[in-house]
1. For C:Arg55, put the label point 7 Å out on the Cα→Cβ axis and report which residues of the range C:338-358 keep their amide N under 18 Å from it.
2. Taking Cα centroids, how far is the range B:393-430 from the range B:604-620 in Å?
3. Let me check against my output: what whole-number percent is the relative contact order of chain C, with C-alpha pairs under 8 Å and at least 6 apart?
4. If each of B:Thr643 and C:Thr63 carries a label point 7 Å out from its Cα toward its Cβ, how far apart are those two points in nm?
5. Among DSSP beta bridges whose residues both lie in chain A, state the antiparallel percentage, nearest 5.
6. Of B:Ala36, B:Ala194, B:Thr8, which is farthest towards the positive pole of the protein assembly as shown's charge dipole, taken about the Cα centre with +1 and -1 on the beta-carbons of Lys, Arg and Asp, Glu respectively?
7. Averaging sequence separations of C-alpha pairs under 8 Å and six or more residues apart, then dividing by the length of chain A, give the relative contact order as a whole percent.
8. If you average the sequence gap of Cα pairs under 8 Å that are 6 or more apart and divide by the length of the range B:103-221, what percent do you get for the contact order?
Amino acid sequence: MRLGLFGKALCAAAALALGLSLAHAQDKGLENPRSTTFHTALKGKKVVFVPLSMGFDLTEGWAAQMRKQADRLGYDFEIRDPAWSTDAGTKAIQSLISEKPDLMVIHNPDIQSYARLLKQAQAAGIKIVQINLESNTTTDSYVGADWTEIGRKAAEAIVERCGAGKGISTKVAIDTGVPTAASDVFQLHGIYEVLDAHPEIQVVSQQATEYNPEKARSIMATVLQQHDDLCGAIGIWDNQDTGTASAIKEAGKSDQVFLVTSGGGNQVGCENVKNGLFNLYISYNVPLQGDLLNQEIVRLLMSDATAGEIQTMYFNPLTLITPENVNQRNCWTLDDLK
Amino acid sequence: MASSEALTRFRYRYLSGRLVGEILSKSWIDSAIPVAVLAVVLVAMSVLVPGIFTTGYVSDLSRQLAEFGLLALALTIVVMSGGIDLSIGSTFALCVLASLIGMNVLGLPFGVSLATALGTGIICGTLNGLLIGYLRLRAFITTLVTLVIYRALYDIVFPRLASAIVGNTPDSPLWDYLGFGDFYGIPISFLVFAAIALVIHITLSRLRPGWHLRAVGGARKSAYNAGINVKRTVCLAYVASGVLSAIAAFLFSARLGSTGADTGIGLEISVLTAVVLGGVSLGGGRGSVGNAIIGAILVLILTNGLIRMSTPGSVNQLVLGLILIFAVLFDAKWVKNRGKILSKVYVSPTYLALPPREDRDLATFALNDRLSEVETIGLGVVEGPEDVVLDADDNLYTGTRHGTIVRFLAPDYRRSEVFARIGGHPLGLAFDKQGDLLTCVGGMGVYRVSPNGAVSLVTDETNRSWLSVIDDSRLRLPDDLDIAPDGRIFFSEATIRYEMADWVTDALEGRGNGRLICHDPRTGQTRTVLRGLIFPNGITMCRDGQSLLFAETWACRISRYWFDGPKKGTHEVFISNLPGYPDNINRGSKGTYWVALLGLRTSTFDLAMRKPGFRRRMAHRIAADEWLFPNVNRGCIVHISETGEVLDVLWDRDGKNHPSITSTCEHKGYLYLGGVSNNRIGRVKLPDADPEWTAQRDYWGQG
Amino acid sequence: MALWSRFADWLGRGGEDALSIPPMDGKLKPNSRLDAAERLLRLPEIDNLAILGDRLVCSSGNTLFGIEPEGWRAIPIHRFDGRITAVAASPGGVLAVAVEGRGLEIGSGDVWQSRSLGGANSCITAILFSSEDKLLVTVGSRRHPWTEWKRDLMSHGSSGAVLNVDVSQAEPRVIRDGLAFPYGIETADGGELIVSESWKHRLVGMQPTGATPHPLLDELPAYPARLSRASGGGFWLALFAPRRQLTELVLREDDYRTEMMATIPPASWVGPDFSDRADGDQALQAGSVRQMGIMKPWAPSRSYGLVVRLDRQLQPVDSYHSRADGEMHGIASVVEMRGHVYVAARGAGALLRLPVEVTP
């Protein structure tokens, strides 16, 4: 048929419109090679977690999150539980060195016990992430609190309350946990950094409670008997400081003694802040640490670098919880993480 | 009936069942059970945790074993001395602290730190030792208190120095080498441990301090009475424990380089579990290095395996606790019942069929009163005169159950004196060419007494046979002997399975447990010549100088054995189917022999010998006093010819003086009678015997 | 349960209790009073004492004897055709004598009237006059005659019976059957019959009507024989042979026991007897070996002498023994007359006299 110019333009437009509409029906998008890699690269790998012990909030929280990711990404996640025994922990790590998992997540009871073993494990090609409690050996990654920072912040809060002329006295009690653990040695260093600048503060007691709330309670009860004008107390962990707090409450000095503690930020700790047992709670935020841990695990498992070749660390930010900011965001329960 | 008898005979010939009892009686049986348990656990672990036994793992295990094993050794020494050391964990912690203070904090050289650690261990151990050994305080409470004290010391000192300890690393290559060096793949700490274990094993099992330790632990009062310094031994046991703990602590510090607040806590429980599981008896006196090591390996494998299987930590503790309870219960029951079980299982009667007694014997062996006019010698003076012999001067010699040889002086034998004191129970007697008296002493061996009464040992052991579980190089019950013309001494050992006091049980067994042994004084060698004889008893030389007669008591027969000549090494039956149990045989005048029958066969006992199951159940179930027994309340003397014909039989009809006779000796026309359960010797005149005949002359010519 | 007991046997715990003998302790503590007692006369196999008026009668073998109190001589009364196995005297002076194989002979002096009891003739073990013309008779076994009492023991015999015999009537009435060798009978104050069941080593009581017997005195350490009344209430019990663990074991060992019974004469069997004879084929036990010329009193022996005084409730209050080293064994018959107790030791062949001491 003979088409005029207008007819030709009309045909072309129609053809274009048809072609466009056909093209739209076939568009299924593009495969994202990074996503595919991300979800398949980790299948079949093995990650082992060696905690201080299972059965308390910190390790249960981290384990829940690590397990979630392991299920999501298809790698094997196992826990070797030494139940507070350093000896059992060293045995576990030693046998793991011969088993050669791809990655180990290590929670150190003190800064020296696992040090040589971690060196050996790295030399054997196992990648290591240390969580929250460090050792003297630097490994592929560290995720956790900066104890020195915690110590400084705690001491600063105490100085606020108990400096010269500010409180009922300048007496402060410190209860530590395990003298050779990272939470003790580095935190004490931070505390004394601040306290040395304020010489009027008097440390009347510094004792190790070995994470035992009953021991903490009896130590604080004795201290209060000896120094009933105690102004402040620094505890290194909320789980043991429930004992310290109850001793203070029994002596009826909850308003007098300013108790600073630190912990993972779980709901129980927050409750204790709300009802006045803890005056300042420095939280290192277990859910946040769990996410960071997961990210480090993925990064190291996907990395081609050999174990120990590249060493990173991340000291996560701290949240200072006071009665005013006890809320959903700052406080967590285990069910939330599962 | 016949087929079941044949079956019984077959069964008891090849499946004797005595091995179980013999193995149970061995002293190493206490260790056999833990070894078996270890084997089971190893197999179980390799099944449950595949790939567990790699070289790397074994190397780790050996490093752990070095420290744990030393602690197990320390506790074993203390437990063997009859005590317990609950403070071992705290001592360990203190010594770790001392080592680390020396190396890390003070930067002392390797040797000085080692000395510090050892010194701490010695002080801790000495405190325990003084309190328990010298002040006689109870071990459990005392070590519990020192546990608390040492722990408190540690808790006071450690926190102050914690930062210093973990902050410094010592600069000592020897320290590092000790901690994680190895020698051709074997960790150094393990080599140190192995060397120490070897030294302690030799000391405990072969040297005097070890014997003293076992004696004190096993029977404290007897050890004291034997002259052992009990207090010092106990104290030194605790000091040794302290030293070993210190070495273990030193190895631990070298390996880990630091210590924690929980070092050594709960260690006493796992070490105690290891010691008990390994087979060391908590009652004291029993144990060895092997036990400690097996127990330590068991506990380490169990704990490692459980950790490997990712069981929660609390479950591990539970499992270990349950195992400890089980092990302690088993230990208590085993120690209490071992003797009882052994005594039940050990007796293994076998089938022994004697030929039925013949009627012609009834006439020959009819009861008479030939021994009624017996003259009694030594009534009440001697007890258990098993054999009697006379010397060239007509003096009468006999052994007694008090371990002496008593001499009655001729011619009236009213005066007596103790000729020699040997011990045991001297049984068979014989004079040799030089006039020395040779005697088989039950429980000891063969001894020689010179004419002036000096006692010397001839032999108390023979060659050990390879296939015997029982150590048969020892002589348990040498019974009778005789001397060949060239001076060789042939003697019988009645049974190798029972000691002298239990010979009754051998009657119940009826096994060929005895043997014939030859001792050659020219070479000093003792060799077993015939085995598997059924309670060989009396021996006498035949007049051809090449053979001897020996009696097999429970088999009621006498056999002849050639030790020289063309028939050398063979033996054949001389007289069988005797109506009683022959004991000693001796020569008589006119080429005859005298055989003493110490008891008579009874139909019920002969039947019982064909029913081994019945005898075994009897041995298990009823008291030893009640067992069926051969009739040894009635015996007689049989006079036989050179060819084995019965010439005469002499009885004591009423059984008042000589109900059971074990030996006779003819001398110058008289017959002298002895009995092992009697308290007198008898003498009866033989009207038609040669009045000048003596055994000395018959053997050696003019003696 | 059988499986468990087999397992327990294998472990070594099961059969033990079943073989243990109650110890002679308390009132039964061993002594030698029978050996020390006055010996009146010697008569071989003296047994079956009875009181006729004011005199004793006894038996020895086939002959019935009367005992003269002056001089203690035995005067024969009558010689029967078989062994005498039981004797009783009525209040009116009539004697009943059981003769093995023939039955009862009732009469006195030389005049005797036979009374056959059928199958029970060969093993009448005890007779009691319940009235002048009624007798209570115990039959030890219907399968074995009295002389074969050992065979009955070894074959777990329980075919004995208690019969009520009327002198005039024909048929004896069976009061109770299936007893294990009843060897003695007496009446208690309430009329209940007391029977000693020998192979079960106990005294059982039953009503004369024949109700089920119930044990009155169990766990005796020896085999009980005749009972007789004691003055002041209570009874005298003679026990003729001791129980031994070896006997109990052999009773359980069927293989050994059947062969022993088949091939060996009964005199040589393992088991109890009235006396230990001297012929040498007797089964000896390990503890019975003479040491240093002495037989220990506590040695196991096949025979023993035991007389026990029981009170009204049949509890032992006193006992007289002759131990392993003594001679007065095998006592099957004991009577009390006029302040003295007369004991017939069958094994030794002697008549003993004891004064009555204690009134319970």
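1. C:338, C:342, C:351, by backbone N distance to the label point.
2. 38
3. On the way: 904 pairs, mean separation 58.2, N = 360.
This gives 16 percent for chain C.
4. Taking the two extended label points, one gets 5.3 nm.
5. Numbers: 3 of 40 bridges.
Expressed as a percentage, antiparallel bridges in chain A total about 10.
6. Comparing the listed Cα positions along the dipole, B:Thr8 ranks first.
7. Working: 633 pairs, mean separation 57.9, N = 338.
About 17 percent, as a whole number.
8. Numbers: 43 pairs, mean separation 28.7, N = 119.
Relative contact order, the range B:103-221: 24 percent.
Taken together, the values in this text are just the output of simple stated rules run on the coordinates, not laboratory data. Quick caveat, the model's predicted, so the values are computed rather than measured. Quick reminder, even Gly has a Cβ in these numbers, built from the backbone with ideal geometry, and neighbours come from all protein chains shown.
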